[in-house]
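The values are calculated or read from the model by the stated rules, or taken from the named source; none is laboratory data. This one's a predicted model, so the numbers in the text were calculated from it and none came from an experiment. Using ideal geometry, Cβ is built from the backbone for each residue, glycine included, and neighbour counts are taken over all protein chains shown. All accessible areas refer to the heavy atoms of the entire protein, side chains included, with ligands and DNA or RNA removed. Shrake-Rupley method; radii C 1.70, N 1.55, O 1.52, S 1.80 Å.
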Amino acid sequence: MAPLSLPLNLKWTPSNVKATAPATTTGKVPEVPLPEKIRNSRILVLGGTGRVGGSTATALSNLCPDLQILVAGRNREKGEALTAKLGGNSEFACVDIDDVNSLETALKSVDLVVHAAGPFQQAERCSVLEAAINTKTAYLDVCDDTSYAWRAKSLMNMALDANVPAITTGGIYPGVSNVMAAELVRAASESEDKPERLRFYYYTAGTGGAGPTILATSFMLLGEEVVAYNKGEKIRMRPYSGMLNVDFGKGIGKRDVYLLNLPEVSSAHKILGVPSVSARFGTSPFFWNWGMEAMTKLLPSEFLRDRNKVQSLVQLFDPAVRAMDGISGERVSMRVDLECASGRNTVGIFSHRRLSVSVGIATAAFALAILEGSTQPGVWFPEEVCVEYKCEVKSHIG
């Protein structure tokens, strides 16, 4: 049976603001009207001088100019340059996420903290979430690490007791991809069909303009054994193996993708109840994929899990990666496939011209959902949060 292309229900996907291709190229999107009581909310963006945090701050400012945005990062010069572009409702803040006192002092003055200060791999504690719970501050992170995500989830009871709403893995992938999967499963359930296999496929040109932190994240993921599920059984595989050639549609076409250990696999399996789940990722030019595969074979996993050693690798490769990014661009596409017991296959595809813009809009959508009170107290994965997001992330490649 041929796959069914299913438009996503706006109850599950960011809605109301449609960003056309020219608009998303500049990062400008129509404003989102907010209720009076939250229109002047204060948001702290940790990692705000990085690509993901900076994109999130920009999207929030464009969508809701009345929001008070505090950009926190290690580079004051970059932070002040960004706040100058964002306007009078933004300022730079010096916050050390490794210093509990510094962190909690900053959180006491805001309504929501967006944690984009990665990498999340090999972090021993969810210190920002713990501080948010202690100060009763709403929380959102863009975590892309399985261990960190479930460690955050383990703080559910603490967040409930403190009446704090929190979302983990709330970016684009994971994040929007989780919501896409939840919508496909919901549609199947409404048709009284049984979901059996869920596959996440991701493609990004180069690094997607995402910067050295994402490069470090990619290298560290290569040191993690891949966890997937087959008919309810957990299976473990070598990272960047199991290559498939997947069609991402118009403007991108077919691309090679490889297995990676990503948190949406375990969360979708446990929360959505799909017995077989896996995730694959690929990039371009094609030789970057070859290089990533070679690293998993030539470098010990202990080396790739060592933050200091990975940072040395990033410094070595970063100039070449930046140069190639200028040629390859930063297109991004996500494809989520669901196979059901009846033999029906449904497919959800998201594509955007620029990852650095779309990740900010996606994260902003989750942030606004929390501010509006649509997210209940507790720690949630995106597929658990059945809310109407206020920002359209459905864009088309022009």
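Below is a table of values for the structure above.
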| read-out | value |
| --- | --- |
| Relative contact order (%) - region 176-353, alpha-carbon pairs under 8 angstrom, separation at least six | 36 percent |
| Charge tally in the Cβ shell below 10 Å around PHE200, where Lys, Arg are +1 and Asp, Glu are -1, PHE200 excluded | +1 |
| log10 of Debye I(q)/I(0), alpha-carbon scatterers only, for region 251-311 at 0.27, 0.30 Å⁻¹ | -1.07, -1.15 |
| Solvent-accessible area of ARG76 with every protein chain in place, 1.4 Å probe, in Å² to the nearest 10 | 120 Å² |
| Pairwise centroid distance, computed over Cα atoms, of region 28-60 with region 84-121, Å | 12 Å |
| Solvent-accessible surface (1.4 angstrom probe) belonging to MET243, in square angstrom, nearest 10 | 100 Å² |
| Label-point separation in nm, SER191 to ARG322, each point 7 Å along Cα→Cβ | 4.9 nm |
| Theoretical ellipticity at 222 nm over the chain - DSSP helices of four or more residues, -39500 (n - 2.57) apiece, nearest 500 | -11000 deg cm²/dmol |
| Counting DSSP beta bridges with both ends in the chain, the antiparallel % (nearest 5) | 45 percent |
| Net charge over other residues, Cβ less than 9 angstrom from the Cβ of GLN121 (K, R count +1; D, E count -1) | -1 |
| Förster radius 35 Å - calculated FRET efficiency between MET243 and SER342, Cβ distance, rounded to 0.05 | 0.75 |
| Sequence-distant aspartates and glutamates (8 or more away, or on other chains) whose Cα lies within less than 16 Å of LYS194 | GLU183, ASP337, GLU339 |
| Highest-first arrangement of 248-255, 317-324, 39-46, where packing means the average Cβ count within 10 Å | 39-46, 248-255, 317-324 |
| Of LYS37/LYS270; LYS85/LYS153; LYS85/LYS254; LYS78/LYS136; LYS254/LYS309; LYS254/LYS297, those spanning more than 31 Å from alpha-carbon to alpha-carbon | LYS37/LYS270; LYS85/LYS153; LYS85/LYS254; LYS254/LYS309 |
| Charge context of LYS270, other residues only, Cβ under 12 angstrom, K/R +1, D/E -1 | -1 |
| Mean Cβ neighbour count within 10 Å, used as a protection proxy, ranking 300-308, 107-115 highest first | 107-115, 300-308 |
| Contact order normalised by residue count of the chain, Cα under 8 Å, 6+ apart, percent | 26 percent |
| Measure of compaction for region 176-353 (Cα Rg per 2.2 N^0.38 Å) | 1.06 |
| Principal semi-axes in Å for the chain [√(5λ), Cα gyration tensor, largest first] | 29, 25, 22 |
